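A.B. asks: Got a structure for you, written out below as structure tokens; questions coming shortly.
The values are calculated or read from the model by the stated rules, or taken from the named source; none is laboratory data. Predicted, not measured: the structure shown is a model, and the values here were computed from it. Here the Cβ positions follow ideal geometry from the backbone for every residue, glycine too, while neighbour counts run over all protein chains shown.
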Amino acid sequence: MQAQSFQLQNGCSVPALMFGTYKTAEEKNEDILLTAIEAGYRGFDTASFYGTEEYLGSAIRKSGLARKDVFITYKLWKTEMGYEGAMAAARRSLEALQTDYLDLYLIHWPLPDPDYADWKALDLETWQALEELYDQGVVKAIGVSNFHPHHIENLLAHGRIAPMVDQLEYHPGHAQEAAVAYCQARNIQVQAWSPLGKRRVLGDPLVCFLAEKYGVSPAQICLKFALQRGVVPLPKASSLERMRQNRDLFSFELEEEDLYRLTCMPPVGWSGEHPDRPRVRLS
């Protein structure tokens with residue numbers, strides 16, 4: 001049976017499956033988050049850019065859960081990079097969430113825009129703020145998001161503390177094997193945003209075939225693919241039924257042959273986002 005948590009390099013445990021809050025601010029945010037808690041989620045991914053911290057904090061309080069029983073990830077946005085910006089973003093997030101610590105604090109992107117020349121210095125200055133917050137115990141773990149190996153190398157060469165997590169777009173049809181292998185070789189836990197490939201992957205013939213083979217949904221195939229590759233998926237859903245279905249990942253195992261087939265799928269579901277290039281607008 002697969003473990004329901006992963007241990008970070010500093011000994012902290014992160015849930016093996018977390019709930020993504022991106023764009024829930026556009027809907028009945030607090031209601032959706034309360035439903036996710038009812039469905040059994042205890043890990044939540046939020047960010048300054050998402051605008052969901054206040055709703056998440058309120059939902060946790062209304063649920064009656066103890067703070068220690070919930071894992072909260074927060075990401076600072078491109079406009080908040082730099083030492084002072086990262087410090088201020090942390091303070092704002094703590095106030096919005098009404099908590100005195102974050103479980104995981106990440107730099108959302110390595111570059112504020114693709115033409116930013118001195119990104120190495122900016123990343124390092126931002127990272128030094130995260131290191132200081134970690135030293136103070138304000139955050140329990142620190143990491144990055146959308147950082148490729150050449151971005152991480154800068155932090156490893158000049159920072160004091162190695163990143164503990166890297167969030168990457170990851171799903172069948174966009175498995176980013178080189179970046180994932182790099183992180184896993186250095187004990188950097190990979191988390192998967194858009195693990196369903198903007199739902200475009202769900203209609204892929206291979207994914208549908210495997211869903212029928214294992215008697216599960218196409219979404220469960222995508223999420224289990226991430227888990228069995230040692231990657232923490234961050235799915236979203238709006239209904240209790242779908243939330244529970246997405247959490248039902250520990251009663252089946254994908255065969256190794258099927259994992260390879262999913263890894264080698266033709267490109268599908270890519271968001272169009274790349275840290276070093278302008279966003280590609282996809283139809």
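A.B. asks: Here are some residues: Ala178, Ala192. Which one is farther than 14 Å from Leu254 by Cα, outside any helix (DSSP H, G or I) and modelled with pLDDT of 95 or more? So that I can check it myself, show each step before the final result.
C.D. replies: Details: Ala178 fails: outside any helix (DSSP H, G or I).
Of the residues listed, the single one that is farther than 14 Å from Leu254 by Cα, outside any helix (DSSP H, G or I) and modelled with pLDDT of 95 or more is Ala192.
A.B. asks: A further question follows. When the residues of the range 184-205 are filtered to those that are out of contact with any Leu (no Cβ under 7 Å at 6 or more places or on another chain) and buried (at least 19 other Cβ atoms within 10 Å of the Cβ), which remaining residue is nearest to Tyr22 (Cα to Cα)? Outline the logic, then answer.
C.D. replies: Here is the first cut: in the range 184-205, the residues out of contact with any Leu (no Cβ under 7 Å at 6 or more places or on another chain) are 184-188, 194, 197-201, 203-205.
Add one more test, that the residue is buried (at least 19 other Cβ atoms within 10 Å of the Cβ), and what stays is 188, 194, 197, 201, 204.
Values: Ile188: 23, Ser194: 10, Gly197: 14, Val201: 19, Asp204: 24 Å.
Result: Ser194.
A.B. asks: Residues of the range 58-76 being closer than 16 Å to Tyr105 by Cα, surrounded by 23 or more Cβ atoms within 10 Å (Cβ to Cβ) and not charged (D, E, K, R), which ones?
C.D. replies: Ile72, Thr73, Tyr74, Leu76
A.B. asks: How many residues does the range 57-80 contain that are in contact (Cβ under 8 Å) with a residue 12 or more places away in the chain and more than 16 Å from the chain's Cα centre (by Cα)?
C.D. replies: Qualifying residue count for the region: 13.
A.B. asks: Show me the helices (runs of 4 or more DSSP H) entirely contained within the range 195-283 in which 2 or more residues are touching a residue at least 12 places away in the same chain (Cβ under 8 Å) and within 21 Å of Ala179 (Cα to Cα).
C.D. replies: Working: elements: 205-214, 218-228, 240-247, 256-263.
Ranges flagged: 218-228, 256-263.
A.B. asks: In addition: Take the residues in the range 234-283 that are over 22 Å from the mean Cα position of the chain (by Cα) and of a type in the set (Ser, Thr, Tyr); name whichever of them is surrounded by the most Cβ atoms within 10 Å (Cβ to Cβ).
C.D. replies: Applying the filter and picking the extreme gives Ser251.
A.B. asks: From the list Ala157, Ala96, Ala181, Ala90, which one is on the phi < 0 side of the Ramachandran plot, buried (at least 18 other Cβ atoms within 10 Å of the Cβ) and out of contact with any Asp or Glu (no Cβ under 7 Å at 6 or more places or on another chain)?
C.D. replies: Details: Ala157 fails: buried (at least 18 other Cβ atoms within 10 Å of the Cβ); Ala96 fails: out of contact with any Asp or Glu (no Cβ under 7 Å at 6 or more places or on another chain); Ala181 fails: buried (at least 18 other Cβ atoms within 10 Å of the Cβ).
Going through Ala157, Ala96, Ala181, Ala90 in turn, just one is on the phi < 0 side of the Ramachandran plot, buried (at least 18 other Cβ atoms within 10 Å of the Cβ) and out of contact with any Asp or Glu (no Cβ under 7 Å at 6 or more places or on another chain): Ala90.
A.B. asks: Sticking with this structure for a sec: Name the one entry in Tyr116, Tyr83 that is touching a residue at least 40 places away in the same chain (Cβ under 8 Å) and either within 15 Å of Phe49 (Cβ to Cβ) or hydroxyl-bearing (Ser, Thr, Tyr) (or both). Talk me through it step by step, then tell me what you get.
C.D. replies: Values: Tyr116 fails: touching a residue at least 40 places away in the same chain (Cβ under 8 Å).
Criteria check complete, one pass: Tyr83.
A.B. asks: Among the candidates Gln136, Gln167, Gln128, Gln176, which residue alone is without any contact (Cβ under 8 Å) to a residue 24 or more places away in the chain and buried (at least 16 other Cβ atoms within 10 Å of the Cβ)? Break it down into steps so the answer makes sense when it comes.
C.D. replies: On the way: Gln136 fails: buried (at least 16 other Cβ atoms within 10 Å of the Cβ); Gln167 fails: without any contact (Cβ under 8 Å) to a residue 24 or more places away in the chain; Gln128 fails: without any contact (Cβ under 8 Å) to a residue 24 or more places away in the chain.
From the options Gln136, Gln167, Gln128, Gln176, the qualifying one is Gln176.
Okay, residues lined up against (1) surrounded by fewer than 19 Cβ atoms within 10 Å (Cβ to Cβ); (2) closer than 17 Å to Asp166 by Cβ:
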site: Gly11; (1), (2): yes, no
site: Val14; (1), (2): no, yes
site: Phe19; (1), (2): no, no
site: Asn29; (1), (2): no, no
site: Tyr41; (1), (2): no, no
site: Phe44; (1), (2): no, no
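A.B. asks: If you go through the range 102-120 one residue at a time, do you hit one that is in contact with a His (Cβ under 6 Å, 6 or more places away or on another chain), buried (at least 22 other Cβ atoms within 10 Å of the Cβ) and not basic (Lys, Arg)?
C.D. replies: Kept after step one, since they are in contact with a His (Cβ under 6 Å, 6 or more places away or on another chain), are these residues of the range 102-120: 110.
Narrowing the set further to residues that are buried (at least 22 other Cβ atoms within 10 Å of the Cβ) leaves 110.
Then keep just the ones that are not basic (Lys, Arg); that gives 110.
Yes, the range 102-120 contains a residue that is in contact with a His (Cβ under 6 Å, 6 or more places away or on another chain), buried (at least 22 other Cβ atoms within 10 Å of the Cβ) and not basic (Lys, Arg).
A.B. asks: May I pose another question? Within the range 33-54, which residues are closer than 14 Å to Ser238 by Cβ, out of contact with any strand residue (DSSP E or B) (no Cβ under 9 Å at 6 or more places or on another chain) and not acidic (Asp, Glu)?
C.D. replies: Of everything in the range 33-54, those that are closer than 14 Å to Ser238 by Cβ, out of contact with any strand residue (DSSP E or B) (no Cβ under 9 Å at 6 or more places or on another chain) and not acidic (Asp, Glu) turn out to be Leu34, Thr35.
A.B. asks: To continue, here is another question. Taking the range 195-239, which residues are farther than 27 Å from His148 by Cα and modelled with pLDDT under 95?
C.D. replies: Ala237, Ser238, Ser239
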